[in-house]
1. Let me confirm something: among A:130, A:135, which residue is touching a helix residue (DSSP H, G or I) at 6+ places or on another chain (Cβ under 8 Å), away from chain C (no Cβ under 14 Å) and either closer than 22 Å to residue B:23 by Cβ or surrounded by fewer than 18 Cβ atoms within 10 Å (Cβ to Cβ) (or both)?
2. Just to verify a result, which residue in the stretch B:139-175, among those that are assigned to a strand (DSSP E or B) and more than 14 Å from every other protein chain (Cβ to nearest Cβ), is nearest to residue B:63 (Cα to Cα)?
3. Considering only residues that are away from chain B (no Cβ under 11 Å) and over 25 Å from the mean Cα position of the chain (by Cα), which ones fall in the stretch A:242-274?
4. Can you pull out the helices (runs of 4 or more DSSP H) entirely within the stretch C:45-154 that have at least 2 residues that are within 14 Å of chain A (Cβ to nearest Cβ) and in contact with a strand residue (DSSP E or B) (Cβ under 9 Å, 6 or more places away or on another chain)?
5. Within the stretch B:37-59, how many residues turn out to be touching a helix residue (DSSP H, G or I) at 6+ places or on another chain (Cβ under 7 Å) and either closer than 20 Å to residue A:207 by Cβ or surrounded by fewer than 22 Cβ atoms within 10 Å (Cβ to Cβ) (or both)?
6. In the stretch C:149-172, which residues are under 25 Å from residue C:91 (Cβ atoms) and surrounded by fewer than 22 Cβ atoms within 10 Å (Cβ to Cβ)?
7. Anything in the stretch B:14-28 that is closer than 14 Å to residue A:201 by Cα and either more than 11 Å from chain A (Cβ to nearest Cβ) or surrounded by 15 or more Cβ atoms within 10 Å (Cβ to Cβ) (or both)? List them, or say none.
8. Take residue B:85 and tell me if it is surrounded by fewer than 21 Cβ atoms within 10 Å (Cβ to Cβ) and over 18 Å from residue C:71 (Cα atoms).
């Protein structure tokens, strides 16, 4: 048992046996996530490159821009995002319930099905079977596989939650339950209403934004914020500041958050009141942001001097900042005056990047960097790669967000404002796009940087997993929990 | 345990509330919009897409055109869609009710295409078809500097067997893109469908709800004053 | 701020998950005593929440667009705008042009340019029949015409079907009025528009019960 004064996150005896029981599924989902991450960001590079050099790979129908963009989004969401989230959910649920994972192999089997579904779906998109629905790009048949695979993982997690030992339900568990319950509902409803028997007319974009917004805010947001609360406490060895406020933030998010989706449809041919309601509801999210800030920032800031050098702490700190900035920015961007200028532009891409990468992916990296050494009982084989991964992710994300924001602002001005002077005619779209080429090129470079960091992450993780497997496989007795479950 | 029951119940209530408020209520109104029958013309609007265009809609969908092109015209004064000639009026919900997959899009890397059929109709050869073929074959031919990728894979270079195809498009292409002698470049069925779809895109009918736009007070007062002066 | 923060976080005992749970359970059960400054935070959040709900409500009420599924402009209020909103009116010229060019209708014989076909179909452009008395013109279109007719000095002999209600085309009075308004204003013609009420009056009163086509002689008797 580590001494409490060490300030680093120490693991109790119970924690060690729980961690060991997470080893198999945790490592599986982490590795799958890392592979999809590299694939997904490679697709990002291709898509980003095509934006300034349209002739690149133009003769290959499978790699035409529209398909690469859809596949990229699907791979990063369902491949990287979900696998990472599954790893985090399993580990956090088990640790917070202080219960060992039972039947870890079934989780891996579910995971295999999930990843087969993602593989099938991504190839399907590139082959032209995509639905073209943002956030639900996979062909119809894939969604069924995903749902079945998800169902078992979620049921397992909720059973673990039910078997928890501590009477107190920590705020992370609230957020995890939120994520686990919310996703299957919105996913199945969106699948039914958009893919199986599509609703009529503009109901489709309405259901789509409702789904995409819920998916981000409640699934990725739920898992990410759960991990943030847990890591903030564990990394600093201190309780969460103003902890009693955390449930207020939780309920405000749950009650108001789901209504905010249609705020993205400003100016679209959907009834004006739906959009106005969405904008009004999204304002309440500012209070939620304040609660997160009051809870997480002081907690993390307090121990900054001690643990700043820890990689996971750095990832988590970046994640918190990105979460707060992105949430405030998305409220601001939904205001009609702002949306008039910046809707349909790369500023929206920048916001997505900040949300999905700056917040969720950074938090996921931070969690995995804490989790994987714990569950394998090993340290990272190449520590320098961890630092490289952090800096490439941070710089890549920052460069990408800044470049896309500037590009998007210029694009918005060109698209939606008449040049000065009497009788001015709109700037031709081609000129607008030409004027932002340098920023799009920066975006490509940023994506290349991200790929490099992700390869470093994959190498480190693969090395560790290989070492772990080779030491475990010959002597199954060294893995008592896994063998008991099997 | 009570608090856990509360948690589950609260989550369910919140989900059900947002579902009802955002989706169900609208499904009952917007989701049930019907076509408008115009007695003057003896037709119902919107009119169904021609068969070839409906198949082209699937090509548009599977190539991911919606990644760069929106299909929603914003109202005059909100952006400058009207000044760009992207449509005579803003889009309304009824425009979309017959479309199997509504692709209003969220990025404008290219122009809005809601009324692209109107823009090219009757212009630039064979009702705009030739323009679209040239543009799809190589966007630089029609729009130098465009970042749109070429869709050359929608065309087929094949040996002329017997009579040259009347659909062949190499005559529209510059010398650098000419096929070898004895060969011709023809659009595939998918290209024909896609172009038919693009040409079918025009929201010309003025639904009554398209007039539901705000008129600034000063304008209405000015109008009333002018009317008063006439009297 | 930082001094309060230090007080507001506690060490997690041995750092295990169990102690994490118990410390936070304790924090929830025994809310920290309100100290100077510390109690400001919930107050601030309460104030912010109220403000945001207040602003949000006003925003929604202001931009609700009548909670109408057919309003896409958030500033539009169906209640106040109902009076000024124009009832969808038909442009008679545009509607008439569509009717004129309908397959099988006027343009089939009189041509799109209104010139007719020399010797077979009389022209409409600059025709004294078109720009002259609307009484005759309405009757002609309602019920049709047979036999010889002299237009612009040339004599034509043919048969024109009726277009009015009850005839083969069964056009409403509005349509008849629109198409007549169109031909009277197109191709250099500049005669006044034809009133729908006049068409209705002629059909239901002056010529009530008539089904057979007119002859030019009969029409010339009409003022």
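1. Values: A:130 fails: either closer than 22 Å to residue B:23 by Cβ or surrounded by fewer than 18 Cβ atoms within 10 Å (Cβ to Cβ) (or both).
Just one listed residue meets the conditions, A:135.
2. Result: B:158.
3. Across the stretch A:242-274, the qualifying residues are A:242, A:244.
4. Fully inside the stretch C:45-154 and qualifying: nothing.
5. At the first step, the residues of the stretch B:37-59 found to be touching a helix residue (DSSP H, G or I) at 6+ places or on another chain (Cβ under 7 Å) are B:40-41, B:46, B:49-50, B:52-53, B:55-57, B:59.
Cutting the leftovers down to either closer than 20 Å to residue A:207 by Cβ or surrounded by fewer than 22 Cβ atoms within 10 Å (Cβ to Cβ) (or both) gives us B:40-41, B:46, B:49-50, B:52-53, B:55, B:57.
The qualifying residues number 9.
6. Correct list: C:165, C:167, C:169, C:170, C:172.
7. Result: B:23, B:26, B:27.
8. Values: surrounded by fewer than 21 Cβ atoms within 10 Å (Cβ to Cβ): yes; over 18 Å from residue C:71 (Cα atoms): yes.
Here the answer is yes, as residue B:85 does meet what is asked.
The values are calculated or read from the model by the stated rules, or taken from the named source; none is laboratory data. Computed from a predicted model, the values in this text were never measured in an experiment. Ideal geometry is used to build each Cβ from the backbone, glycine not excepted, and the neighbour counts take in all protein chains shown.
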